[in-house]
1. Among the residues of segment 452-496, write down those that are at pLDDT 90 or above and among the aliphatic types (A, V, I, L, M).
2. Restricting to segment 166-180, and then to whatever is modelled with pLDDT of 85 or more and surrounded by fewer than 19 Cβ atoms within 10 Å (Cβ to Cβ), can you tell me which residue is nearest to Tyr131 (Cα to Cα)?
3. Among Gly389, Gly432, Gly423, which is the only one that is in contact with a helix residue (DSSP H, G or I) (Cβ under 8 Å, 6 or more places away or on another chain) and assigned to a loop (DSSP other than H, G, I, E, B)?
4. How many of the residues in segment 563-586 are surrounded by fewer than 19 Cβ atoms within 10 Å (Cβ to Cβ) and either among the charged types (D, E, K, R) or part of a loop (DSSP other than H, G, I, E, B) (or both)?
5. Residue by residue through segment 410-450, note down the ones that are small (Gly, Ala, Ser) and either open to solvent by 40 Å² or more (accessible area, probe 1.4 Å) or over 18 Å from Leu506 (Cα atoms) (or both).
6. Considering each of Val240, Val194 in turn, give the residue that is of a type outside the set (Gly, Ala, Ser) and surrounded by fewer than 17 Cβ atoms within 10 Å (Cβ to Cβ).
7. Just need a number here: residues in segment 203-232 that are under 38 Å from the mean Cα position of the chain (by Cα) and open to solvent by less than 20 Å² (accessible area, probe 1.4 Å).
8. Of the residues that make up segment 268-286, is at least one acidic (Asp, Glu), touching a residue at least 12 places away in the same chain (Cβ under 8 Å) and open to solvent by 60 Å² or more (accessible area, probe 1.4 Å)?
Amino acid sequence: MPNEKAPTKARPARGMRGGRPGDIDMKIIKRLFGYLKKDYPVALILIAVCIAVAAAAGVVPAVIVKEITNLMADALSKLPLNAGADALIEAGKALWTEQYAAAIGGIVLKFGSLLLVGLVAAGAREQLVAYVTQGFLDKMRRRVFDTMQDLPVKYFDQNTHGDVMSIYTNDIDTLRQMISQGLPSIFSAAITLVVLVAIMMYYSISLMIVVVVGVIGMFFVTKKVGGNSAKYFVKQQKSVGEMEGFIEEMMNGQKVIKVFTHEAAAEADFDKVNEALCENSRKAHTFSNIFGPIMNNIGNILYVLTAFVGGVLIIYGAKVPNLSLENVFSGNFLAPLTVAVVASYLGMCKQFTGQVNQASQQINAIAMAMAGAGRIFAILDEAPEADDGYVTLVNCREENGQIVECEERTGHWAWKHPHAADGTVTYTPLRGDVVFDHVDFSYEPGKQVLFDVSLYAKPGQKVAFVGATGAGKTTITNLINRFYDIEDGKIRYDGINITKIKKADLRRSLGIVLQSTNLFTGTVMDNIRYGKLDATDEECIAAAKLANADDFITRLPDGYDTMLTANGANLSQGQRQLLSIARAAVADPPVMIMDEATSSIDTRTEALVQQGMDALMKDRTVFVIAHRLSTVQNSNAIMVLDHGRIIERGSHDDLIAQKGTYYRLYTGAFELS
């Protein structure tokens with residue numbers, strides 16, 4: 001049996017296709033930077049400058065240690081160490097006053113000034129990063145939402161709502177962590193490492209080789225352990241999206257679950273999804289938790305190894321000169337390694353491994369951000385709903401028997417149809433004349449849903465569709481709205497092929513009341529006005545009275561100003577449907593589509609609504625989908641559908657006289673399913 005809704009299918013995010021979980025996709029990083037540069041060009045430059053200044057200032061202590069150690073060694077060499085204690089103290093005081101007080105003071109002043117500059121730069125960086133991060137996330141959410149508004153209905157038929165919601169929450173939040181912590185930390189580490197390498201080469205190339213060997217080991221661990229951690233963090237991110245989709249589905253279906261006592265099966269299904277999330281999270285955090293200690297211990301071993309090699313080179317300094325750029329520039333190629341260089345080097349070694357460790361710790365954040373960004377870009381890259389229409393709906397008035405376009409609202413509308421061939425423009429009055437001409441349709445290629453459907457509805461006529469679930473009733477109304485485009489045949493609206501009409505203008509001329517109601521957070525008045533945003537309060541109240549909703553609205557605590565939340569959870573299903581009908585009524589369209597509009601209303605309320613609907617339908621083209629045959633008896637034409645084909649058509653009396661499928665349905669010999 002053909003389905004009336006496109007099947008839901010889970011699809012991988014386009015940004016993640018073709019790669020393994022945990023891989024750093026440079027195309028995604030480049031695209032992210034493109035958005036950042038576009039949104040915050042000046043702020044990014046300022047952040048880079050602040051990071052560079054703070055990173056450079058952070059290396060200063062290592063240089064200061066060398067200068068102070070040299071001063072101490074020089075002072076010790078000038079003291080009379082063989083003299084008595086008093087003489088030694090007096091000599092030290094004199095030496096301090098004469099030579100070293102100003103030097104030490106200069107070092108302290110220079111050290112303090114550079115640290116102050118680094119502190120200011122770091123503070124400015126944090127403020128700028130917070131400003132850019134939150135602003136960028138806001139813009140990305142706007143981009144995703146704006147893109148979502150332009151997507152065709154089939155996108156939401158093929159993707160679970162919970163998974164789409166996860167993009168706004170989890171996926172975009174991963175960008176926050178990467179932009180606020182990951183990228184600044186890596187850039188700061190890169191600047192610091194470059195400066196440290198330059199200073200290390202200047203002081204001792206021999207000791208730098210020791211450090212490089214240790215760093216190679218750290219990179220190996222990062223690739224193995226950190227890579228596995230990142231891989232499972234990406235899987236965890238995917239599992240979170242699946243979990244949210246599952247929970248959203250279970251929450252929406254709680255009544256059905258309880259009615260059919262499906263709790264145990266639902267719990268079993270949840271356990272499977274939860275177990276997958278738990279397993280991926282466990283592995284991700286297992287690798288993440290051992291990653292830090294391993295890196296720290298490698299840093300400690302490298303520190304000890306550097307001290308040992310430095311001590312050996314000092315002891316054998318006479319035989320093994322210190323190979324360094326400092327000695328090259330000074331011309332003293334045979335100068336030995338000094339204690340001052342080793343002392344400074346140990347600090348730089350600790351700082352070097354710390355920076356490598358810090359950068360490595362950001363792999364998880366970046367990998368998760370890559371997974372999140374891949375899903376974000378997948379929805380941004382989705383093709384928007386195609387619209388090649390050029391016929392628009394305009395306000396008009398009649399002058400001397402001619403239709404004339406005007407700016408002000410007149411209550412009269414016309415289709416503005418430009419003709420490219422001769423440059424002329426024709427105006428066709430909006431009447432609501434709808435014709436299906438041999439229409440075929442498939443949601444998916446090879447799975448045809450409608451077969452050679454032909455029908456017409458003249459202005460003011462009421463056309464009803466009846467048939468079993470999946471027969472194609474709702475599909476026909478979806479085609480009128482152009483939620484989907486037909487494969488073959490034509491649909492004409494007031495004699496114009498609807499593919500030529502802009503979708504927004506086409507839908508503006510249609511009113512629709514669905515079986516499932518959708519109310520938005522806001523007042524009752526706001527929800528009615530949703531059908532016509534510039535409607536006055538009086539027009540909204542008149543529409544509510546037409547739908548017989550005014551009675552219950554005035555009995556609400558705040559009347560029309562009563563706040564509705566959670567899809568009108570504080571109203572009954574019937575009351576929500578009445579508001580939905582009032583919303584369509586205030587739009588005052590020439591064509592109305594009623595998709596099981598009274599299915600959730602009791603018999604007494606249905607009689608009241610039917611009175612209002614009869615008034616609403618006057619001089620309008622109305623398409624009605626109903627299982628209650630009592631609601632379609634007064635239709636001008638009734639179409640009986642079966643498996644996507646119209647098998648019977650005619651008025652109620654005609655179909656009863658034929659004694660076919662409709663007759664059996666009406667008399668109870670055969671029931672709709």
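1. Scanning segment 452-496 gives Val453, Leu455, Ala457, Val463, Ala464, Val466, Ile476, Leu479, Ile480, Ile486, Ile491, Ile496.
2. Arg176
3. Values: Gly432 fails: in contact with a helix residue (DSSP H, G or I) (Cβ under 8 Å, 6 or more places away or on another chain); Gly423 fails: in contact with a helix residue (DSSP H, G or I) (Cβ under 8 Å, 6 or more places away or on another chain).
The unique qualifying residue is Gly389.
4. 6
5. Here is the first cut: in segment 410-450, the residues small (Gly, Ala, Ser) are 411, 414, 420-421, 423, 432, 442, 446.
Once the filter is applied, which keeps residues that are small (Gly, Ala, Ser) and either open to solvent by 40 Å² or more (accessible area, probe 1.4 Å) or over 18 Å from Leu506 (Cα atoms) (or both), segment 410-450 yields Gly411, Ala420, Ala421, Gly423, Ser442, Gly446.
6. On the way: Val240 fails: surrounded by fewer than 17 Cβ atoms within 10 Å (Cβ to Cβ).
Criteria check complete, one pass: Val194.
7. Going through segment 203-232 one residue at a time, the tally reaches 6.
8. Of all residues in segment 268-286, those acidic (Asp, Glu) come to 269, 271, 275, 279.
Filter once more, so that each one left must be touching a residue at least 12 places away in the same chain (Cβ under 8 Å): 269.
Imposing the further condition that a residue be open to solvent by 60 Å² or more (accessible area, probe 1.4 Å) reduces the set to 269.
Yes, segment 268-286 contains a residue that is acidic (Asp, Glu), touching a residue at least 12 places away in the same chain (Cβ under 8 Å) and open to solvent by 60 Å² or more (accessible area, probe 1.4 Å).
The values are calculated or read from the model by the stated rules, or taken from the named source; none is laboratory data. Predicted model only: the values in this text are computed from it and were never measured. Reconstructed Cβ throughout: ideal geometry from the backbone, glycine too, with neighbour counts over all protein chains shown. These accessible areas exclude ligands, DNA and RNA; they are computed on the full protein's heavy atoms, side chains included. Shrake-Rupley method; radii C 1.70, N 1.55, O 1.52, S 1.80 Å.
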